Amino acid sequence: MNSQLIVGEVLKPQGIRGELKISPLTDSAEDFRTFHRVFLGETEYKVLSVRVGDGAVYLGLRGVPDRNAAELLRGKPVIIPREEAPALEEGRYYIADLLGAEVVTEGGKVLGTLTDVRPAGTDVYTISAEGKDILFAAAKGVVVKVDTEGGVIVVNEARFKEVAVL
């Protein structure tokens with residue numbers, strides 16, 4: 001498992017006082033209110049202020065005093081240590097823990113390796129198998145079991161065939 005999690009991306013400076021507009025990659029932008037520090041690249045920043053609005057997060061960070069300093073951070077991922085990440089509900093997983101997992105049927109047939117997760121009402125998983133991508137909705141009844149420690153996602157083969165897009 002990764003010791004760090006990417007929780008957002010710096011979109012642009014906001015205003016002249018160094019505030020950053022962030023595209024959140026969390027279930028809720030409100031999660032940012034719990035962060036006391038973030039990393040942009042290798043540099044740690046203390047969070048001074050957090051505003052949430054219009055699907056974006058606006059962060060004020062110590063060490064980013066003006067628009068010029070903020071501009072240098074454009075496009076950087078916003079990273080937090082895993083131990084400071086919000087607790088997940090039962091049956092929820094961090095995308096970083098799913099990527100690279102082997103997707104198999106209940107019968108043990110290997111379908112491919114999970115390469116992407118597109119968050120949505122029902123997340124869309126992409127697996128890579130034999131040089132091609134297969135997309136499928138992680139709908140109820142499709143994903144039977146997730147073992148993040150073992151790196152395996154078990155799916156119901158019949159339901160998988162119903163929702164898979166080749």
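The values are calculated or read from the model by the stated rules, or taken from the named source; none is laboratory data. Only a predicted model underlies this, so the values are computations on that prediction, with no experimental measurement involved. Ideal geometry is used to build each Cβ from the backbone, glycine not excepted, and the neighbour counts take in all protein chains shown.
Quick notes on this one:
- Residue check for Ala85: in contact (Cβ under 8 Å) with a residue 40 or more places away in the chain and under 30 Å from Ala139 (Cα atoms): yes
- Total residues in segment 58-85, condition among the charged types (D, E, K, R), touching a strand residue (DSSP E or B) at 6+ places or on another chain (Cβ under 7 Å) and not in a loop (DSSP other than H, G, I, E, B): 3
- Every residue from segment 2-57 that is out of contact with any Phe, Trp or Tyr (no Cβ under 9 Å at 6 or more places or on another chain), surrounded by fewer than 16 Cβ atoms within 10 Å (Cβ to Cβ), of a type in the set (Gly, Ala, Ser) and assigned to a loop (DSSP other than H, G, I, E, B): Ser3, Ser28, Gly41, Gly55
- Segments classed as strands (runs of 3 or more DSSP E), wholly inside segment 86-158, with at least 1 members that are of a type in the set (Asp, Glu) and over 28 Å from Ala29 (Cβ atoms): 102-105, 132-137, 143-147
- Members of segment 93-114 found to be charged (D, E, K, R) and within 21 Å of the chain's Cα centre (by Cα), listed by number: Asp97, Glu102
- Within segment 106-137, the set of residues being aliphatic (A, V, I, L, M), within 12 Å of Val154 (Cα to Cα) and in contact with a helix residue (DSSP H, G or I) (Cβ under 9 Å, 6 or more places away or on another chain) comprises Leu111, Leu114.
- Residue match in segment 46-54 (condition: in contact (Cβ under 8 Å) with a residue 24 or more places away in the chain and among the β-branched types (Val, Ile, Thr)): no
- Meets criteria (assigned by TED's automatic domain parsing to the domain that holds Asp31 and surrounded by fewer than 17 Cβ atoms within 10 Å (Cβ to Cβ)) for Ala69: yes
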